[in-house]
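The values are calculated or read from the model by the stated rules, or taken from the named source; none is laboratory data. Just so we're clear, the structure is a prediction, and the values are computed from it rather than from any experiment. Using ideal geometry, Cβ is built from the backbone for each residue, glycine included, and neighbour counts are taken over all protein chains shown. Keep in mind that these areas ignore ligands, DNA and RNA; they rest on the heavy atoms of the full protein, side chains included. Shrake-Rupley method; radii C 1.70, N 1.55, O 1.52, S 1.80 Å.
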Amino acid sequence: MTLYLINPSNPLVSIVNVSESRWNRYRVWKPLSLMVLAGLTPPGWKITIVDENLGPPDYPALPRPDLVGITAFTSQANRAYEVAAYFRSLGVPVVMGGIHATMCLDEVSERVDSVVTGEAESVWAELLEDARHRRLKPRYEGGRADINDLSPARHDLLPTRYAFGAIQTTRGCPLNCSFCSVTTFNGAQYRQRPIPEVVREFRSIREKRVLVVDDNLIGTRPKHIDRAKDLFRAMVQADLRKQWVAQATINFADDEELLALAAKAGCRGVFIGFESPTQEGLREIGKKINLVKDRDFRASVRRIQRHNILVVGSFIIGLDVDEPGIGQRIAALASHYGLDNLNTLFLTPLPGTRLWDQMKSEDRIALDAFPEDWRYYTLTFPVAQYKRLSLDEIIEEMVSCNRSFYSLPRVLRRVWSSVWQRRQPLISLVGNLSYRSNIGVDGEAYAKFRRQHHDSFRALPNATTSTA
Ligand code: B12
Ligand code: SF4
């Protein structure tokens, strides 16, 4: 039996087509979900993983498979349906799973033969057996997997042409920020894989650099932090010689021992969600962990950087409290914090989130011609009615934020400080130039977007500005 596992592309991802910019090749990450599914697949299946981000394959030239499995984030849904339609036209059954299939079950069910909701571990073997006997059910409910019993991912099934391999050591997040899908999808319970299994899987990754995909590698409670320390100790002991980047909350900065162990275990960069420059903004989205009184964010960032770890900060534009000037405000604050890179995104109601429910009930979802409009749900396009910013204004805020943070003097200052502090100057240079080179391409993409979608955005009755 032959199985194709497909990760569809979205040409709008990061706005820039990967091949358009040399720097953006560094954005190519290995799709872990499909390697995990492959790891769960019993012997007897010949598996091919297709990552369309590496270039669209010539499907008609490939042998006809017995089953196709497609993964998709919401932004990939359109392309997922195109691929599904092609294989179904050949009579090949298609199953879809992942975050979009879980959050938009009805839409997906209409377009594929079978849908897996939630985590696949508990149902994948059964589904494959059903496929073998041509009795696929329309739906399999995966729920949440037993974290102590995950199969290692098949890291060998994709080429090593990626800048980063990928691994997952925990699932779930208790924080449930309004814009984020993780708590709904993976649960509020922070589940940690057994450390020896993580170390074993790390060893099987061929890439030198690895993205630890956990939404928060260190967790929020003292027992989570202790586990993170134990993991880092085990990684040091195993002498993995990997360099890795991860996502964490700002409390990463609060424990010197944790930072020292992370650095020793190979941590070279951390993505942290700062989200909003104001307390009202943080309250609006429910990012409680950033609301801790008296936190000095600049000092926290500096503490992390002292361990030779780069800090990439993420902010959101478009909160109800955001007014004209927010872009400059974010750029100034991010520079003040001393962030190595800044990633600013538009507030985006993703299906299944609290924000989606709220915006839907307020009739504020502007791009709602689904499934076509899903391709704009990359967080790099405005897709909703923003309370105090018109379409033109919010785009201007994004452009001015990036122009300001990635202005040449600021880039040079950051790169110089990374040389001075011996904090990976080359990566800092590449990262800054990559973001800077996007500004021009973003401008063209926004101009086209504005022309095509201006009419979908109308002034809210209580908005302070108009879209005219
Ligand atoms: C790593 C990651 C990335 C990597 C992706 C690398 C890659 N090529 O896969 C990068 C950095 C590129 C990325 C980019 C984006 N991401 Co991202 N990302 C993640 C993250 C942190 C982990 C994903 C992961 O690898 N998990 C580990 C695997 C094992 O879990 P899994 O994917 O859920 O797979 C399991 C099940 O879903 C299921 N399953 C999955 N696929 C399939 C397929 C079949 C056939 C079956 C049966 C089952 C199945 O089985 C698996 C095992 O249980 C998630 C958060 C999260 N916790 O999921 C966000 C997340 C997926 N990203 C998100 C978003 C919004 C984006 C972006 C659009 C915007 C952005 N700037 O972040 C872009 C666009 C990407 C695109 N291609 O369009 C959202 C998606 C929400 C949504 N509704 O789509 C998430 C959920 C984060 C959030 N805050 O809500 N991301
Ligand atoms: S944004 Fe981060 S902290 Fe908030 S719920 Fe999502 S994963 Fe958790």
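Scanning region 422-438 for residues that are farther than 18 Å from Arg302 by Cα and without any contact (Cβ under 8 Å) to a residue 24 or more places away in the chain returns Leu426, Leu429.
Restricting attention to region 129-185, the residues that are in contact (Cβ under 8 Å) with a residue 12 or more places away in the chain, assigned to a helix (DSSP H, G or I), within 14 Å of ligand 2 (Cβ to nearest atom) and of a type in the set (S, T, N, Q) add up to 1. For the condition assigned to a helix (DSSP H, G or I), open to solvent by 50 Å² or more (accessible area, probe 1.4 Å) and within 29 Å of Arg79 (Cβ to Cβ), Arg403 does not qualify.
Residues of region 186-226 being near ligand 1 (Cβ under 9 Å from one of its atoms) and in a helix (DSSP H, G or I), which ones? Once the filter is applied, which keeps residues that are near ligand 1 (Cβ under 9 Å from one of its atoms) and in a helix (DSSP H, G or I), region 186-226 yields only Asn186.
Mind listing just one residue for me: the one in region 245-289 that is within 18 Å of Arg193 (Cα to Cα) and free of Cβ contacts under 8 Å to residues at least 40 places away in the same chain and, of those, nearest to ligand 2 (Cβ to nearest atom)? Within region 245-289, the match that is nearest to ligand 2 (Cβ to nearest atom) is Gln247.
Is it true that some residue in region 379-397 is within 16 Å of ligand 2 (Cβ to nearest atom) and under 29 Å from Cys104 (Cα atoms)?
Kept after step one, since they are within 16 Å of ligand 2 (Cβ to nearest atom), are these residues of region 379-397: 379.
Within this subset, residues satisfying the condition of being under 29 Å from Cys104 (Cα atoms) are 379.
Yes, region 379-397 contains at least one residue that is within 16 Å of ligand 2 (Cβ to nearest atom) and under 29 Å from Cys104 (Cα atoms).
For region 110-138, the set of residues classified as crowded, with 19+ Cβ neighbours inside 10 Å and among the polar types (S, T, N, Q) consists of Ser114, Thr117, listed by residue number. Of all residues in region 215-237, those that are out of contact with any helix residue (DSSP H, G or I) (no Cβ under 7 Å at 6 or more places or on another chain) and closer than 16 Å to Ala265 by Cα total 3.
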